[in-house]
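Derivation of every value follows stated rules applied to the coordinates shown; laboratory data play no part. Every value quoted in this text rests on a predicted model; they were computed, and no experiment measured them. Don't worry about glycine lacking a Cβ; one is built from the backbone with ideal geometry, like all the others, and counts go over all protein chains shown.
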Amino acid sequence: MGDKWVSLPLRITSKILDYSIWFGGRLLIVTPQFLIWTWKSVSRLSLTLAEMCERSYGKLITVYDHLPYDGGFADDILDVVVKNTDDAIVVISDFLSEIQGKQVMIIGSTGSGKSTIAQWLAYQVGGRVTVYECEGSPTSWRGLEVVGQAEDFDSINESMGSDLKDLTQQIQLRAERGDAALANTDRVLIAEEFPELVQKCPNAGEWIERFARRGRKARRFLILLSQYDQVAAWGIEGKGGIAANFSKLRLGKLAVTHARKLKNTQLVEWLKRDSTHALLDDEPIQLPTYRELTAVTRGLPVPAVEISETAAGTERNRIFDDFENSEKLLKKALSELAAATSQTHVIKNVLGFQGSRYKAGKEHFQKLIGGE
C-alpha cells in the first residue's frame, strides 16, 4: 500500500490562467479610459496655458497702446504712467458679456449716471423698452415709453400686473415651442428708484421675484435703479435666491464705499481716479465714456410739450434766448470741469479724443473754450 502512487494535481494552474485572462481583458478595457482621462487632463492644461498667454498678451497690448505716438504732451505722458499701475487690477471691459443671463441693479447716488447707463444698456439689449419713473420729465428718457410720471403709482402697479401676465405667456410659449419661438420678442423693463415702488405698488414684490428667476429665459430684462445698497430696501431680504440672479453695478461714491468694505485700498484708489470706473459685484469694470453712452439718444427728438403764452411774451421765445447763451455756458462748464479735474481728462473722457487723436482733441478743446 505504501508503494502505490497517488496523483494529487494542483488546481492553481488553471486558476492562474483564468486570472491572467481576466487581467488582460480588464487592462484592455481600462486602457481607452486612461487615454481619454490623459487627453482631458492635457486639454485642460492647454486651455489654462492658453488663457494665461491671452491675459499676458492683453497686458502687452495695453502697455503698447499707452506708448506715446512719436512723442506726446506732458499731461498725456503722466496719465500713461498712472494707468500702468492698474495692471495689478484685472478690469472688466465687456459689460454686456459679464451680465449675460442675469438681471441688473444699478446703484449710485444722485447724478452718478444711473439713468444714462440704463438707457444705453436698454438700447444695447434691444426690443421694446418700458420705464417706470414717478418723477421723470419729458426729456428724461428720450424715445422710450415712460409709465408713472407725476407720481402715478397706480399706473405703474397696473403695468406691472400686465408684465406678469406677459411673462406667463412667454414661459408657456417657450415650453410649447422652444426658444426659437421667442425670437425678436425682447423687452427691457427699467424701474427708477425701485425701493420706492416696492412700498407703493402691491405688484412690485411678485414682479421682481418672478422676473428675477425666469425673466432672462423669457427674454425679459430688468434694470433696477436705486440710491440704496441695502438688500432690505429692495424688498428681497431673506431671499438670497432672488439676489443671486442680479448683477450689481455700483457707481461713484457707493462703489468706493463697497470697495472699502472689501478692504482693497488699490481698488478704492482706482475707483476714485475716473468717473468711468465702477464695480460690477466685487470686480472693477471700465464703463463707456459719457459721449459713448449718450451717442444713441443725442439724435432722438425731445417729446413735444405745451408752451404757454405769458404777458412778457411766449415761453418759446425764452427757450430760444437760452439757446443763444448755450455756447457761453458750454465754455464756462468745460473750463470749470478742466479746473476741477484736468484738461487731459476732459479731452479724453468728455470729448472722446483718445490715442493718436489727442492732439486734435486738444485743439478742439481750445476752440470750445475760446482759446483760454
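Where q = 0.11, 0.18 Å⁻¹, what log10 of I(q)/I(0) comes from the Debye formula for region 88-299, counting one point per Cα? Values returned for q = 0.11, 0.18 Å⁻¹ are -0.52, -1.38. Computing FRET efficiency as 1/(1 + (r/R0)^6) for Lys40 and Lys15, where r is the C-beta to C-beta distance and R0 is 25 Å, gives about 0.10. FRET efficiency for the Val90 to Phe23 pair, using the beta carbon distance and R₀ = 51 Å, is estimated at 0.50. One chain, two ends: Gln230 and Asp274. Fully extended at 0.36 nm per residue, the span grows by 13.4 nm beyond their Cα-Cα distance. Taking square-rooted eigenvalues a ≥ b ≥ c of the alpha carbon gyration tensor, is region 95-181 rounded, prolate or oblate, where a/c under 1.5 means rounded and, failing that, a/b exceeding b/c means prolate? Because a/c hits 1.5 or more and a/b fails to exceed b/c, region 95-181 counts as oblate.
Database remark: amide H of Gly215 closer than 5 angstrom to no amide H (H placed geometrically; neighbours at sequence offset of 5 or more, or on other chains; Pro and chain starts carry no H).
Annotation for region 183-289: trypsin sites (Lys or Arg not before Pro) lying in DSSP loop with at most 16 further Cβ atoms inside 10 Å of their Cβ are Lys217, Lys239, Lys263. Remark: the Ser155-Asp179 segment gains 5.5 nm on full extension, using 0.36 nm per residue and subtracting the alpha carbon distance. Within region 152-245, the GluC sites (Glu not before Pro) that combine a DSSP coil assignment with at most 15 other C-beta atoms in a 10 angstrom radius are Glu237.
Cβ crowding within 10 Å ranks Thr344, Thr139 as Thr139, Thr344, fewest other Cβ atoms first.
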